[in-house]
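Report on one structure; see the data block that follows.
The values are calculated or read from the model by the stated rules, or taken from the named source; none is laboratory data. Remember, it's a predicted structure, so these values are computed and weren't measured experimentally. Cβ atoms come from the backbone with ideal geometry, glycine included; neighbour counts cover every protein chain shown. Surface areas here come from the heavy atoms of the whole protein model, side chains and all, with no ligands, DNA or RNA. Shrake-Rupley method; radii C 1.70, N 1.55, O 1.52, S 1.80 Å.
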Amino acid sequence: MNETASLRARAEIDLDALRANVRVLRARAGGAQLMAVVKSDAYGHGAVPCARAALEAGATWLGTATPQEALALRAAGLGGRVMCWLWTPGGPWREAIEADIDVSVSGLWALDEVVAAAAEAGLPARIQLKADTGLGRNGCQPADWPELVAAARAAERTGAVRITGLWSHFACADEPGHPSIAAQLAVFRDMVEYAEKEGVAPEVRHMANSPATLTVPEAHFDLVRTGIAMYGVSPSPELGTPADFGLRPVMRLVASVALVKRVPAGHGISYGHHYTTSAETTLGLVPVGYADGIPRHASGRGPVLVGGVTRRIAGRVAMDQFVVDLHGDEVEVGSEAVLFGPGDRGEPSAEDWARAADTIAYEIVTRIGARVPRVHLHATPAES
């Protein structure tokens with residue numbers, strides 16, 4: 001048995017699939033550049049290998065939420081344009097400036113801090129102004145936009161900053177035809193037009209996330225930001241399956257069956273005995289649990305391919321393990337239990353797990369914990 005096969009559990013990451021997905025998304029983006037969003041450890045897939053593979057496939061930007069994530073990419077030797085957008089007061093502005101990272105600014109407090117950091121660094125900061133066009137999270141409200149633009153232009157005239165981008169984010173792009181899509185686009189165009197009249201000359205204007213990249217071509221502007229679609233997960237089942245968009249799931253989550261045993265009828269399984277065997281049967285123990293990111297909400301419902309048959313979790317998911325009822329089938333200890341994957345070998349998908357846990361597939365792949373090793377397949381020497 002090789003080392004990979006002997007692992008308790010592993011998340012296999014198919015970098016060839018990721019590269020193919022990036023190429024598909026680039027084609028969907030028309031003439032716009034593509035930002036590969038690798039926040040949250042590339043949605044659980046491994047930020048550095050995925051970032052390198054995305055750049056190889058033609059992505060021209062990398063995007064992260066936190067500055068720490070962006071700085072980690074630079075520390076790993078990744079060049080090119082990198083942007084991060086989730087800042088709090090006292091963040092590592094100077095380090096980001098020195099690492100040539102584009103930073104997002106949504107308010108005057110952030111502009112003040114980045115200008116001070118630029119003075120300390122003796123370098124101009126690359127900043128992108130974020131507009132809140134209706135999502136209601138980060139970003140500058142239209143009423144406050146003139147003040148922010150004026151202050152940013154004043155800082156730009158002193159050489160403290162370079163305004164490299166104007167951007168926003170959709171609330172409901174995963175719901176085609178939702179009235180907020182057109183409304184947000186109109187607000188963004190107005191805010192961009194105002195900033196440009198005030199002298200802002202951005203390198204990129206961008207608003208499209210994964211669903212908008214796939215279904216709202218008028219939102220592509222200069223750059224699209226693709227996150228979940230790059231990993232082969234549909235941004236919304238209502239929009240279509242990954243295959244409908246020419247995408248392939250990148251992660252395959254497997255574990256080794258740790259124990260197989262016979263139990264009598266009427267035997268309770270796992271905490272609370274929410275499952276009781278209806279007849280004498282065989283049980284298989286799968287050694288992953290909610291500490292590994294397996295949702296406890298999927299207790300009794302989560303699908304697992306064991307011995308060539310899709311089975312459901314029997315009873316509750318525990319911290320480190322769960323049980324499947326094999327219904328008398330003889331399965332060897334050490335056999336693969338496939339929790340999810342692309343689906344072309346009969347295994348469940350991340351979307352199947354999302355339905356079982358009443359959540360979205362984004363959460364299923366992102367929540368897989370750090371003690372599950374990522375095994376990156378088809379890596380180039382630079383990605384290994």
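Considering the range 240-256 alone, what residues qualify as being surrounded by fewer than 21 Cβ atoms within 10 Å (Cβ to Cβ) and either in contact with a Cys (Cβ under 8 Å, 6 or more places away or on another chain) or part of a loop (DSSP other than H, G, I, E, B) (or both)? The answer is 240, 241, 246, 248.
Of the residues making up the range 276-319, those that are within 19 Å of residue 362 (Cβ to Cβ) and out of contact with any helix residue (DSSP H, G or I) (no Cβ under 6 Å at 6 or more places or on another chain) are 292, 293, 294, 295, 297. Considering 296, 301, the condition of being under 20 Å from residue 370 (Cα atoms), free of Cβ contacts under 8 Å to residues at least 60 places away in the same chain and surrounded by fewer than 20 Cβ atoms within 10 Å (Cβ to Cβ) is satisfied by 296 alone.
Could you grab me the full set of residues in the range 21-43 that are within 23 Å of residue 87 (Cβ to Cβ) and assigned to a helix (DSSP H, G or I)? 39, 40, 41, 42, 43 - these are the residues of the range 21-43 that are within 23 Å of residue 87 (Cβ to Cβ) and assigned to a helix (DSSP H, G or I).
Here residue 48 passes the criteria (1) open to solvent by less than 10 Å² (accessible area, probe 1.4 Å); (2) of a type in the set (A, V, I, L, M, F, W, C); (3) in contact (Cβ under 8 Å) with a residue 60 or more places away in the chain except the one numbered (1).
Among the residues examined, residue 237 does not qualify as modelled with pLDDT of 95 or more and open to solvent by 10 Å² or more (accessible area, probe 1.4 Å). The set of residues in the range 143-181 being touching a strand residue (DSSP E or B) at 6+ places or on another chain (Cβ under 9 Å) and closer than 18 Å to residue 122 by Cα consists of 152, 155, 156, 160, 161, 162, 163. Pairs meeting the criteria (first residue in the range 98-122 and at pLDDT 95 or above, second residue of a type in the set (Ser, Thr, Tyr), beta carbons under 6 Å, at least 6 apart or on different chains) are 102/164. Scanning the range 37-95 for residues that are more than 24 Å from residue 369 (Cα to Cα) and of a type in the set (Lys, Arg) returns 81, 94.
Given the criteria more than 18 Å from residue 202 (Cα to Cα) and free of Cβ contacts under 8 Å to residues at least 60 places away in the same chain, does residue 154 qualify? The answer is no for residue 154. For the range 51-74, what are the residues that are among the acidic types (Asp, Glu) and open to solvent by less than 10 Å² (accessible area, probe 1.4 Å)? Once the filter is applied, which keeps residues that are among the acidic types (Asp, Glu) and open to solvent by less than 10 Å² (accessible area, probe 1.4 Å), the range 51-74 yields nothing. From the set of residues in the range 198-234 that are of a type in the set (Val, Ile, Thr) and assigned to a strand (DSSP E or B), which is surrounded by the fewest Cβ atoms within 10 Å (Cβ to Cβ)? My answer is 204. When the range 123-147 is filtered for residues that are touching a residue at least 40 places away in the same chain (Cβ under 8 Å) and within 24 Å of residue 209 (Cα to Cα), the ones remaining, listed by number, are 128, 129, 130, 131, 133, 134, 135, 138, 142, 145.
For residue 336, the stated conditions do not hold, so it cannot be described as over 22 Å from residue 238 (Cβ atoms), among the acidic types (Asp, Glu), open to solvent by 50 Å² or more (accessible area, probe 1.4 Å) and at pLDDT below 95.
Kindly provide the set of residues from the range 314-330 that are among the hydrophobic types (A, V, I, L, M, F, W, C), under 24 Å from residue 371 (Cβ atoms) and in a loop (DSSP other than H, G, I, E, B), ordered by number. Answer for the range 314-330, where residues must be among the hydrophobic types (A, V, I, L, M, F, W, C), under 24 Å from residue 371 (Cβ atoms) and in a loop (DSSP other than H, G, I, E, B): 317, 318, 319.
The set of residues from the range 66-100 being over 19 Å from residue 161 (Cβ atoms) and of a type in the set (Asp, Glu) comprises just one member, 69.
When 345, 355, 311 are checked against the criterion of being assigned to a strand (DSSP E or B), open to solvent by 10 Å² or more (accessible area, probe 1.4 Å) and of a type in the set (D, E, K, R), 311 stands alone in meeting it.
Apart from one condition, residue 26 fits all of (1) crowded, with 24+ Cβ neighbours inside 10 Å; (2) under 18 Å from residue 242 (Cα atoms); the exception is (1).
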